[in-house]
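What follows is a single structure, and I will ask about it in a moment.
The values are calculated or read from the model by the stated rules, or taken from the named source; none is laboratory data. Predicted model only: the values in this text are computed from it and were never measured. Cβ placement follows ideal geometry from the backbone for every residue including glycine, while neighbour counts extend to all protein chains displayed.
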Amino acid sequence: MDYNQLKSDIIAYSKTIGIDKIGFTTSSTFDEMKNKLIRQQELGFQSGFEEPDINKRTDPGLILEKPRSIISIALAYPSKLKNAPLSKRGERRGIFCRASWGEDYHTVLRDRLQKLEEYIYRRVPNARCRSMVDTGELVDRAVAQRAGIGWSGKNCSIITPEFGSYVYLGEMITNLPLESDAPMEDRCGSCNKCIDVCPTGALVQGGQLNAQRCIAFLTQTKGFLPDEFRNKLGNRIYGCDTCQTVCPENKGKNFHFHPEMEADPEIAKPLLTPMLRMSNKEFKEKFGKISGAWRGKKPLQRNAIIALAHYKEESAIPELIEVLEKDPRPVIRGTAAWALGKIGGPGSRQALDKAKNTDQDAEVLEEIEKGMQLLSADQ
């Protein structure tokens with residue numbers, strides 16, 4: 001088997017199935033990443049969504065027996081929304097991060113990796129492959145960096161010269177001995193824009209993220225959003241793009257290569273108030289195909305309430321009062337109470353007074369008190 005020719009053929013085939021960039025690296029352990037992950041764990045900086053076994057995250061041999069190389073792929077996604085609807089008084093809108101526009105990227109990348117696997121099996125019937133996207137064991141960024149896809153930026157994203165950091169990543173471990181590509185030199189230099197503008201200071205230093213403070217993580221949590229982050233959320237419903245939008249390497253980068261990744265503007269920038277009363281069926285019908293729906297409707301509804309408070313949208317007061325009085329979920333009722341205090345306006349005080357005497361949940365009562373304090377401070 002001429003593995004150099006096979007590698008060239010794999011690269012050529014990848015272009016025919018919509019893979020925008022492909023790189024190859026060894027299957028040796030990711031020792032530097034292992035040290036970083038241990039440090040992250042010690043500092044309490046992990047999100048909790050990761051694979052808990054650090055050895056599995058950094059040793060391909062624990063995932064596929066006798067691996068020889070890893071193939072890394074990248075697909076570019078759009079950074080600009082076509083026909084974006086305006087958010088205006090009475091019709092306030094939230095925003096999903098760019099990585100949640102279009103069809104769930106896990107589905108898109110798994111399709112490309114499956115096609116790549118099938119091609120490899122046709123060429124080498126006894127090949128063994130194991131593919132993964134994001135939720136797999138390996139750290140996508142570590143693989144992509146070593147495979148020459150891009151460099152690991154200070155914003156903790158892989159930055160490619162061609163597409164900036166607006167790329168989805170996936171990888172395939174294989175027993176085929178494919179020649180490695182050279183890692184790319186770091187180009188961030190002295191630039192610290194992403195660190196300087198991070199809304200919550202989650203980027204502790206270049207390349208180190210405290211996920212517990214990252215808005216992208218916080219929008220996915222299911223409990224009450226801690227007070228210190230509520231005014232930082234803005235109109236974000238899911239995710240955060242700030243550290244990408246300020247990156248000089250992303251200037252002018254906007255690619256519309258894949259139809260599946262094209263956003264429905266009404267989903268990417270949804271009206272906030274209708275989100276408060278969505279049934280599970282309506283939620284799945286509207287948002288079910290995007291990656292931002294993976295945690296269900298509760299976190300997104302909570303974030304929508306906070307976004308309405310951010311706008312001080314008085315037209316939403318009747319819906320917020322209804323949520324406070326009728327929603328069975330304490331997190332949603334409590335967040336609505338806080339939002340009513342933040343917005344103020346007609347009816348908010350009476351609604352909070354009434355809920356104070358009728359709600360039995362201790363956390364909701366605490367949020368009602370916060371709402372009342374906000375109303376008093378505003379007078």
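If you take the residues in the stretch 100-133 that are over 24 Å from residue 50 (Cβ atoms) and aromatic (Phe, Trp, Tyr), which one is nearest to the chain's Cα centre (by Cα)?
Here the residue is 119.
Sticking with this structure for a sec: May I ask you to verify whether residue 50 is part of a loop (DSSP other than H, G, I, E, B), among the charged types (D, E, K, R), surrounded by fewer than 19 Cβ atoms within 10 Å (Cβ to Cβ) and touching a helix residue (DSSP H, G or I) at 6+ places or on another chain (Cβ under 6 Å)?
On the way: part of a loop (DSSP other than H, G, I, E, B): yes; among the charged types (D, E, K, R): yes; surrounded by fewer than 19 Cβ atoms within 10 Å (Cβ to Cβ): yes; touching a helix residue (DSSP H, G or I) at 6+ places or on another chain (Cβ under 6 Å): no.
No: the conditions fail for residue 50.
Okay, next question. For the stretch 128-139, name all the residues that are among the acidic types (Asp, Glu) and either over 30 Å from residue 186 (Cα atoms) or without any contact (Cβ under 8 Å) to a residue 60 or more places away in the chain (or both). Show your work before the answer.
Kept after step one, since they are among the acidic types (Asp, Glu), are these residues of the stretch 128-139: 134, 137.
The answer is 134, and nothing else.
Moving on. Restricted to the stretch 72-99, and to residues that are part of a strand (DSSP E or B) and more than 20 Å from residue 23 (Cβ to Cβ), which residue is nearest to the chain's Cα centre (by Cα)?
Here is the first cut: in the stretch 72-99, the residues part of a strand (DSSP E or B) are 72-76, 88, 91, 93, 95-96.
Applying the additional criterion that residues be more than 20 Å from residue 23 (Cβ to Cβ) yields 88, 91, 93, 95-96.
Values: 88: 26, 91: 25, 93: 19, 95: 12, 96: 9 Å.
Taking the candidates together, the pick is 96.
Results for (1) under 24 Å from residue 287 (Cβ atoms); (2) in contact (Cβ under 8 Å) with a residue 40 or more places away in the chain, shown as yes or no for each residue.
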position	(1), (2)
78	yes, yes
83	yes, yes
105	yes, yes
117	no, yes
120	no, yes
126	no, no
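I need the full set of residues from the stretch 203-228 which are hydrophobic (A, V, I, L, M, F, W, C), surrounded by fewer than 17 Cβ atoms within 10 Å (Cβ to Cβ) and within 17 Å of the chain's Cα centre (by Cα), in order please.
Pass one, the stretch 203-228, residues hydrophobic (A, V, I, L, M, F, W, C): 203-204, 209, 211, 214-218, 224-225.
Subset that is surrounded by fewer than 17 Cβ atoms within 10 Å (Cβ to Cβ): 204.
The answer is none; no residue qualifies.
Take the residues in the stretch 57-71 that are among the charged types (D, E, K, R) and surrounded by 15 or more Cβ atoms within 10 Å (Cβ to Cβ), then tell me which one is nearest to the chain's Cα centre (by Cα). Steps first, please.
To start, the set of residues in the stretch 57-71 that are among the charged types (D, E, K, R) comprises 57, 59, 65-66, 68.
Now narrow it down to the ones that are surrounded by 15 or more Cβ atoms within 10 Å (Cβ to Cβ): 57, 59, 68.
Values: 57: 19, 59: 25, 68: 31 Å.
If we take residues in the stretch 57-71 being among the charged types (D, E, K, R) and surrounded by 15 or more Cβ atoms within 10 Å (Cβ to Cβ), then 57 is nearest to the chain's Cα centre (by Cα).
With the requirement that a residue be charged (D, E, K, R) and crowded, with 21+ Cβ neighbours inside 10 Å, what does the stretch 99-134 give you?
First, pick out the residues of the stretch 99-134 that are charged (D, E, K, R): 103-104, 110-112, 115, 117-118, 122-123, 128, 130, 134.
Passing the criteria: only 112.
Here's another thing I want to ask about it. Consider residue 29 carefully, then state whether it is at pLDDT 95 or above, touching a Lys or Arg at 6+ places or on another chain (Cβ under 9 Å) and either not in a helix (DSSP H, G or I) or not basic (Lys, Arg) (or both). Before the answer, list the steps.
Numbers: at pLDDT 95 or above: yes; touching a Lys or Arg at 6+ places or on another chain (Cβ under 9 Å): no; either not in a helix (DSSP H, G or I) or not basic (Lys, Arg) (or both): yes.
Spelling it out, it is not the case that residue 29 is at pLDDT 95 or above, touching a Lys or Arg at 6+ places or on another chain (Cβ under 9 Å) and either not in a helix (DSSP H, G or I) or not basic (Lys, Arg) (or both).
Which residues, taken from the stretch 268-294, are more than 19 Å from residue 323 (Cβ to Cβ) and either surrounded by 14 or more Cβ atoms within 10 Å (Cβ to Cβ) or within 16 Å of the chain's Cα centre (by Cα) (or both)? Before you say what the answer is, go through the steps one by one.
First, the residues of the stretch 268-294 that are more than 19 Å from residue 323 (Cβ to Cβ): 268-269, 284-285, 288-294.
Scanning the stretch 268-294 gives 268, 269, 284, 288, 289, 290, 291, 292, 293, 294.
Hey, which of the helices (runs of 4 or more DSSP H) in the stretch 247-329, taking only ones fully inside, have at least 2 residues that are of a type in the set (Val, Ile, Thr) and touching a residue at least 24 places away in the same chain (Cβ under 8 Å)?
Working: elements: 265-268, 280-287, 297-311, 317-326.
Hits in the stretch 247-329: 297-311, 317-326.
Residues in the stretch 183-194: is at least one in contact (Cβ under 8 Å) with a residue 24 or more places away in the chain, within 30 Å of residue 271 (Cα to Cα) and in contact with a helix residue (DSSP H, G or I) (Cβ under 6 Å, 6 or more places away or on another chain)? So that I can check it myself, show each step before the final result.
Here is the first cut: in the stretch 183-194, the residues in contact (Cβ under 8 Å) with a residue 24 or more places away in the chain are 183-188, 191-194.
Then keep just the ones that are within 30 Å of residue 271 (Cα to Cα); that gives 194.
Add one more test, that the residue is in contact with a helix residue (DSSP H, G or I) (Cβ under 6 Å, 6 or more places away or on another chain), and what stays is 194.
Within the stretch 183-194 (the criterion being in contact (Cβ under 8 Å) with a residue 24 or more places away in the chain, within 30 Å of residue 271 (Cα to Cα) and in contact with a helix residue (DSSP H, G or I) (Cβ under 6 Å, 6 or more places away or on another chain)), the answer is yes, since at least one residue qualifies.
Follow-up question, since we're still on this one. How about the stretch 237-246: which of its residues are outside any helix (DSSP H, G or I) and crowded, with 19+ Cβ neighbours inside 10 Å? I'd like the intermediate steps shown before the answer.
The initial filter retains those residues of the stretch 237-246 that are outside any helix (DSSP H, G or I), namely 237-241, 246.
237, 238, 239, 240, 241 - these are the residues of the stretch 237-246 that are outside any helix (DSSP H, G or I) and crowded, with 19+ Cβ neighbours inside 10 Å.
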